[in-house]
Amino acid sequence: MASPHPGTQLLQTAASLRGEFGAELNDRLMESYLEESARIASGAVSRTGQRARLSLDRTVDRILTSRTLGFPLMLLLLWGVFWLTIAGANVPSSMLASLTMDWGAPRLHALADLLQAPAWLSGFLIDGVYLAMAWVLSVMLPPMAIFFPLFTLLEDLGYLPRVAFNLDRLFQRAGAHGKQALTMMMGYGCNAAGVVSTRIIDSPRERLIAILTNNFSICNGRWPTLILMGTIFIGAMAPAGLSSVIASGSVVATCLLGIAFTLAVSAVLSRTWLRGEASTFSLELPPYRPPRVLQTLYTSVIDRTLIVLGRAMVMAAPAGAVIWLIGNIHIGGASIAAHLVSALGPLGWLMGLNGVILLAYIVAIPANEIIVPSILMLTLTATSLEPSLAGMASPGVMVEFEDATVHQVLTAGGWTMLTAVNLMLFALLHNPCSTTILTIWKETKSLRWTAAATLIPLALGFAVCTVTAAVARALGWV
Amino acid sequence: MTTLDRLSPGQRATITSLAAQGAERRRLMDLGFIPGVEIEVEMGNPLGDPRAFRLLGGVVALRREQAREIGIQVQPEETPTHVA
């Protein structure tokens, strides 16, 4: 017989000692660590002024999480952030648009003529690829440059853990993990980032619930659609002074509906496919810190704004090319786009939308950012409009208009309040973009869950839009 | 002797025991839930649960079922008019 390995002997000794001291030993060790570190800290750390900070923190916390004011304050902050974004982004957006489109595009065309480039090439590159990227830049950069720093500031202050704390009971009722409130908030920036952030949830069951419902957080690419619809259809109904307040209200309402869907779908999943024990929840609430404004600006502009914008532009370029191609290649007397729009028409009507919107959503699978420009362009090319409006753009050219003109074009294209409201609903409830779908596959390594994450929101979108359309028609609203 | 879920706001207590086992026990101890540590309720929640507790200079939120796993000894109040 060989002599026992020294390691084996050590393990045996450990096992016998464990029997002797019991589970107590670990606790005793922890207690003595704590005592020792408290002794060191009391000698080495001075705490001048901490009392006052502590009581201020406590007062703020008690207000932000109070029974009466906790939720109203959360709503007010959300509303304020969107209002500042909507009201502040208007002017820089139209400046960027006139710089890149009104000023830049004609000069690029002049340059192309100078180089004697063939019309199909300059059309494809300038009217397709370049304008798509210019549109994304002018529509996305200003709101992101406002929204991200504001959001980062709230994050930096330590407010987000308080939101998770306030909402935890709702997630608990839905059988979801408390940290899902945090991954949901990541989704407001980008769903792909939100899906990756679910790694903070240990339980595989609860992590899947968080992944499958992350798409109900409206991402960056979808805010512009909601903001535009809210502004030109819903805000426009309100008196002039209130329109941006009402417009941001409709965006907040859509956002809250997304939270309701997150909770409802989580509840259904945790009682059916993903049944199981709710895991425990503990959350550290860090003390409030004075925000480091300059650092916040730097990180939110560099890390968030530019990275998200870069991705959007990379995605917009090929999508712009595709739109230009289907708008300009003709089969049997009509463009491919026109054929597709009329094929999708009946389904669109059923959902209170139209064929143009559905086609735009297919083209925009790589990036939600380009939904609105695709819709405008397709409305101008694939449907028959009054000559005065149709003359505004050549086929397949992404265009930028003032809000009033957009309203005019869309109304001429047969849009009603129902179309606008259902577009907002469909912007909330449809399949994730291709990057998010790919991320879900990478994170779950499962075709089944990836398909579920893609199809659940899409099916809900079809159902909700069809119901609202049927109700609105039955009641004679449209 | 009682458990943490029954601690009222304004009371101070000392942690006496932990009923949780395994990874959860480890996590709670990492956060400072160790026998001998002083604890008090920091804030409630608009919906009642979870509640946040102050211990070792930090604030940690726990759901009710977890607070129930932590045994405490409520300290007599500093102005000794009544005892909970």
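Only four residue types carry charge here, +1 at the Cβ of Lys and Arg and -1 at the Cβ of Asp and Glu. Report the dipole size of region A:1-127 about the Cα centre in Debye, rounded to the nearest 20. Kindly include the intermediate steps, with their values, before the conclusion.
Values: 10 positive and 11 negative charges, 109 e Å.
So the dipole magnitude of region A:1-127 works out to roughly 520 debye.
Report the label-to-label distance for residue A:458 and residue A:107 in nanometres (one decimal), using points 7 Å from each Cα along the Cα→Cβ vector.
4.2 nm
Using label points projected 7 Å from each Cα along Cα→Cβ, tell me how many nm separate residue A:28 and residue A:478, to one decimal.
7.4 nm
How much net charge surrounds residue B:7 when only other residues with a Cβ under 12 Å from its Cβ are counted (Lys, Arg +1; Asp, Glu -1)? Don't skip to the answer; put the middle values down first.
Details: positive: B:6, B:12, B:51, B:54, B:64, B:68; negative: B:5, B:38, B:40, B:42.
In short, +2.
Counting only other residues whose beta carbon sits under 14 Å from that of residue A:191, what net charge do I get with K and R as +1, D and E as -1? Could the numbers behind the result be given before it?
Numbers: positive: A:222, A:311, A:442; negative: A:369, A:443.
For residues surrounding residue A:191, the net value is +1.
I need the semi-axes of the equivalent ellipsoid of chain A: take the C-alpha gyration tensor, multiply each eigenvalue by 5, square-root it, list largest first in whole angstrom.
Numbers: eigenvalues 485, 138, 116 Å².
Its equivalent ellipsoid spans semi-axes of 49, 26, 24 Å.
What's the ranking of A:121-134, A:333-346 by average number of surrounding C-beta atoms within 10 Å, highest first?
Numbers: A:121-134: 21.7, A:333-346: 17.4.
For the peptides A:121-134, A:333-346, the packing ranking is A:121-134, A:333-346.
Average partner chain C-beta neighbours within 10 Å, per residue of A:272-281?
Values: counts 0, 0, 0, 0, 0, 0, 2, 2, 10, 7.
Taking all residues of A:272-281 together, the mean is 2.
Please name whichever of A:357, A:176, A:82 sits farthest to the positive end of the charge dipole of the protein assembly as shown, dipole taken about the Cα centre and charges placed at Cβ: Lys and Arg +1, Asp and Glu -1.
Comparing the listed Cα positions along the dipole, A:176 ranks first.
So, counting K/R as plus one and D/E as minus one, what does the shell of residues with Cβ under 15 Å around residue A:271 add up to? Don't skip to the answer; put the middle values down first.
Values: positive: A:173, A:205, A:275; negative: A:206, A:277.
So the surrounding residues net to +1.
What dipole magnitude, in Debye to the nearest 20, does chain A give about its Cα centre under +1 on Lys/Arg Cβ and -1 on Asp/Glu Cβ?
Values: 28 positive and 25 negative charges, 199 e Å.
Using Cβ point charges on Lys, Arg, Asp and Glu, chain A gives about 960 debye.
Give me the Kirkwood hydrodynamic radius of region B:2-74 in Å, from all C-alpha pairs, to one decimal place? Present the calculation step by step, with values, prior to reporting the outcome.
On the way: mean 1/r = 0.0839 Å⁻¹.
Roughly 11.9 Å, rounded to one decimal.
Please report the equivalent ellipsoid semi-axes of region A:64-165, computed as sqrt(5 x eigenvalue) of the Cα gyration tensor, largest first, in whole Å. Each step should come with its number before you reach the end.
On the way: eigenvalues 400, 28, 17 Å².
Over the Cα atoms of region A:64-165, the ellipsoid semi-axes are 45, 12, 9 Å.
Just name one of A:186, A:316, A:210: the one whose Cα is farthest towards the positive end of the charge dipole of the protein assembly as shown (beta-carbon charges, Lys/Arg +1, Asp/Glu -1).
Most positive-ward Cα: A:210.
Distance from a point 7 Å along Cα→Cβ of residue A:120 to each backbone N in region A:319-345: keep the residues under 13 Å and list them by number.
Residues A:325-326, A:328-330 qualify, since their backbone N sits under 13 Å from the label point.
Let me know the shape class of region A:101-227, please: from the alpha-carbon gyration tensor, a ≥ b ≥ c as square roots of the eigenvalues, rounded when a/c is under 1.5, otherwise prolate if a/b is greater than b/c, or oblate. Walk me through the numbers before you get to the answer.
Values: a/c = 4.45, a/b = 2.65, b/c = 1.68.
Prolate.
I'd like the distance between the alpha-carbon centres of region A:123-137 and region A:199-242, rounded to an integer number of Å.
Comparing the Cα centres of region A:123-137 and region A:199-242, I get a distance of 26 Å.
Report the full-extension gain for the segment residue A:264 to residue A:39: residue separation times 0.36 nm, less the Cα-Cα distance, to one decimal in nm.
On the way: separation 225, 0.36 × 225 = 81.00 nm, distance 4.96 nm.
Answer, rounded to one decimal: 76.0 nm.
Using a simple charge model, +1 on the beta-carbon of Lys and Arg, -1 on the beta-carbon of Asp and Glu, nothing else, what dipole does region B:2-74 show about its Cα centre, in debye to the nearest 20? Could you put the intermediate results ahead of the total?
On the way: 10 positive and 9 negative charges, 12 e Å.
It comes to approximately 60 debye.
Report, as an integer, the average count of C-beta atoms from other chains found within 10 Å of each Cβ along B:28-35.
Values: counts 2, 7, 2, 3, 3, 2, 6, 5.
For this peptide, the per-residue mean of nearby foreign Cβ atoms is 4.
Along the charge dipole of the protein assembly as shown, which of A:370, A:331, A:29 sits closest to the positive end, that is, farthest toward it, with unit charges on the beta carbon of Lys, Arg, Asp and Glu (+1, +1, -1, -1)?
A:29
What do you get for the angle between helix A:307-328 and the principal long axis of chain A? Use alpha-carbon atoms, 0 to 90 degrees, nearest ten.
The two axes meet at around 30 degrees.
Here, each number is a calculation from the coordinates, and none is a lab measurement. All figures in this text were calculated on a predicted structure; none of them were measured in a lab. Glycine gets a Cβ as well: all are built from the backbone with ideal geometry, and neighbour counts include every protein chain shown.
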